Each structure stands twice: as C-alpha cells, then as structure tokens.
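One structure is given below, encoded as structure tokens.
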Amino acid sequence: MNEDANWVDLPIASVDVETTGLDPQNDRVIEIAIIHMRQGEVEERWSTLVNPGCDIPEEVTRITGIKTEDITTAPSFDEVVKEIQTRLKDRVFVAYNLEFDRAFIKNELERSGASWEELSYVDPLIFARELHRNQGSKRLGAVADRLGIEIGQAHRAADDAVASGKVLYAFAGQLPATLGELTVLQGQWATQQENERASWRNRREGGPESVIGAPQADRGNALGPAYVYGEETDPVRAMFLH
C-alpha cells in the first residue's frame, strides 16, 4: 500500500466480527462483515453468519440477536476463508477496536490452515479517544451518534462495519492526509493511551504513577487535541510543514 497516498482515496475494507465471547484463542466468530469503501462511500457490502461448531451463549444472543438455530445452516469459517482473503487483499484494514477483530480473524484463518497477510491497519477508536477526549463514551454507537452517523442495527457485523468506516472518514479533516502519516500518528496516540491506562491502573492499585520505559506524551506541545506530529514537536513549525 502506498504510504504517500491520500488515505481517503485508498480502498479500505471496514471489518467487524461478532463472536461467542471475548477470547480469540478459544471463542469463535459467528458473523463477519467486510465492507469495501473509498472516499467516504460504500462500494460493496458483504457479510455472512458463520457456524462456529458450538452453541451460542445466551448473553451473546441477548446482545446480537443471533441464536444457535440461526447458524446451524451457515457456512463454517473454513468455507469462507478464500472469500475473506480476497475481500481483504490490497485494502487498508479498518476496524473499531481493531485488535479484537484482527485477533479473531487471524486465529480463525490459522485454524483453517490459511495464511494471514500483513496489511495496513487503521483503528478509528484510537482517533475517537483523542478527538472526542472530553465528549463522553467512546463506544462506536456513542461516537457515531455525536457525528450524526446512523447505525442500522448495532452489534450486527455489517452495520457496525459501515459505521466504523464512516466514523474514520468523519475525522478526516482533523487527521493527516497520507496513509503513512496517519499510521504514525495512530501509533503515537495508541502508545500514549496505553500509558495513560497503565498509569491509571497503577494509581488505582497504589503503584507508581508512571510506567517505567513507556514514552510520556507532552501535551504542552499539542497541535490540536493531543497532536504530536511525526518527529516535529514544535506546534507552529508542524502547522507550516504539514
């Protein structure tokens, strides 16, 4: 993927999975959606229920509406592997709370004996945590609502995936233009956020207030909301350079 290209113009695959639980090592995918988008628009929607080979827990049914009887005739993950690989190929992989979806898909592919192709990854949640820092919940539904984005049926893969992509595009005016710069900023903010969470956990448990070895973000050099841009820490210079 060309990191110098404007990411809005690149083809993305906005992905969402519904699962039997939260553990990608032991729980299974029961629904997957891969939505092809470009320049803020949906080009193609694809989703399928997946038979995980086990019953769906009642709590999952309560949240998603997907029942065990709904997936008895659905294909297994093995049967949709090639379709998934084709739909992800040569696209930027976008998912809200990306590590969750990526871990489940990666483990399902490996169980099926398929390879996992490394892609460019973008997580709108990381940007929502900064750009909506003081605006309440960072759940997909809450962020989408603040941005005026409708989610047809929350906790169903296709509608959540569409909303995830639209949230990312809605932030475009506040983010770097190129894919390379976007992923650099994403990495910086992800590290900063993890350090903040670790510091909070340590304070709550009575430990030290900072994480040894973890980089500390300098909010005094912020350009926009917590904006640390590449290697340039002077906000005025960064504004002119970028």
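Taken over the C-alpha atoms, the chain has Rg and Dmax values of 19.0, 60 angstrom. Computed over protein heavy atoms with a 1.4 Å probe, the accessible surface of the chain works out to 51 Å² per residue.
Build a GNM of the chain with springs between Cα atoms under 10 Å apart, and of 152, 173, 206 the one that fluctuates most is 206.
Were the residues from residue 112 through residue 204 laid out at 0.36 nm apart, the gain over their Cα-Cα distance would be 28.9 nm.
For the chain, what % of the accessible area comes from carbon and sulfur atoms, probe 1.4 Å? Can you show the working numbers first?
Working: 5820 of 12400 Å².
Exposed carbon and sulfur together represent 47 percent of the surface.
Ignoring ligands, DNA and RNA, how do 37, 1 rank by accessible area with a 1.4 Å probe, largest first? Provide the component values of the computation, followed by the final result.
Values: 37 0, 1 100 Å².
Result of the area sort, largest leading: 1, 37.
The candidates 20, 73, 86, arranged from most to least accessible area with a 1.4 Å probe in the full protein assembly, appear as 73, 86, 20. Here each label is just a point 7 Å from Cα along the line to Cβ, and for residue 145 and residue 44 those points are 3.4 nm apart. Partner lysines whose Cα lies under 21 Å from the Cα of residue 89, excluding those fewer than 8 positions away in the same chain, are identified as 106, 166. For segment 1-50, the normalised intensity computed at q = 0.31 Å⁻¹ comes to -1.08 (log10 of I(q)/I(0), Debye sum over alpha carbons, equal scatterers, no solvent). Of 194, 118, 18, the order by accessible heavy-atom surface (1.4 Å probe, DNA, RNA and ligands excluded), from most exposed downward, is 118, 194, 18.
Between the listed residues 134, 39, 187, the Cα displaced farthest toward the positive end of the dipole of the chain, a dipole computed from Cβ unit charges relative to the Cα centre, is found at 134.
The values are calculated or read from the model by the stated rules, or taken from the named source; none is laboratory data. Being a predicted model, the structure only gives us computed values, none of them experimental. Cβ atoms come from the backbone with ideal geometry, glycine included; neighbour counts cover every protein chain shown. Just so you know, the surface numbers come from the protein's heavy atoms only, side chains and all, with ligands and any DNA or RNA stripped out. Shrake-Rupley method; radii C 1.70, N 1.55, O 1.52, S 1.80 Å.
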